[in-house]
1. Under the 0.36 nm per residue contour assumption, what length would be gained going from the current alpha-carbon distance of Asn61 and Leu162 to full extension?
2. Mean separation of Cα pairs under 8 Å and 6+ residues apart, divided by the residue count of segment 1-147: what relative contact order is that in percent?
3. If you place +1 on the Cβ of every Lys and Arg and -1 on the Cβ of every Asp and Glu, how big does the dipole about the Cα centre of the chain come out, in debye to the nearest 20?
4. Arrange Ser34, Ser172 by Cβ neighbour counts within 10 Å, fewest through most, would you?
5. Mind checking the angle between helix 170-183 and the chain's longest principal axis? C-alpha axes, 0 to 90 degrees, to the nearest 10.
6. Determine, for each peptide in 14-26, 148-160, the mean count of other beta carbons within 10 angstrom over its residues, then list the peptides with the highest first.
7. Can you compute the modelled spin-label distance between His182 and Lys22, with each label point 7 Å from Cα toward Cβ, in nm?
8. Lys/Arg Cβ at +1, Asp/Glu Cβ at -1, dipole of segment 30-113 taken about the Cα centre: which of Ala59, Leu99, Gln77 is farthest positive-ward?
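Derivation of every value follows stated rules applied to the coordinates shown; laboratory data play no part. Just so it is clear, the model here is predicted, and its values are computed rather than measured. Neighbour counts run over all protein chains shown; Cβ positions are idealised from the backbone, glycine included.
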Amino acid sequence: MSHKKHPTPPEIVTCETVARSKLFTVESLSLHFSNGAQRQYERIKGGGRGAVMIVPITAENELLLVREYCAGTHNYQLGFPKGLIDPGETPIEAGNRELKEEVGFGAHAFSELKVVSLAPSYFNAKMHIMVASELYPETLEGDEPEPLVVVKWPLEEWPKLLEQEDFTEARSVAALLLLQIHLNLEA
């Protein structure tokens, strides 16, 4: 497999904020590419802190998932616990905090599966996907508007998760498939 040299990124001629809300800042970029092409792009400015997604595995070989309301699709989705990394936190500290807030467990062991991006054409956001094991019961107060439904899923039945109508969030699907590779699971 050949790895070609990366192209030179375009020059950002101008960058200005065109919209702002409580959650998002939209920037307009005027770009000049090395071949002479000029384009306008828009992007959502990232907070720079990153986020975590945790795949918790219990001593009974069960995956812990949460079913929570998603405003973007106006429905409930089944997925792995996740959240933003708070200022000063490491990804593991954030992962442990989110686990305690969302599923009522902490973890003694974490393994990072991969750092992924989401829609990199529009966002500069990174998510650390980690496996958590050696769980212990501990709860922290979260910021969710309603209690999350915790769903236990037998690890050996992981392929059936892909058949669930409410398990569609791309990062959760990626996390499940990365877990399969990490643990060398059979389908």
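1. Gain on extension, Asn61 to Leu162, equals 34.6 nm.
2. 21
3. With only Lys, Arg, Asp and Glu charged at Cβ, the dipole is about 1080 debye.
4. Fewest-to-most ranking of Ser34, Ser172: Ser34, Ser172.
5. 60
6. Answer by packing, highest mean first, reads 148-160, 14-26.
7. 3.3
8. Gln77
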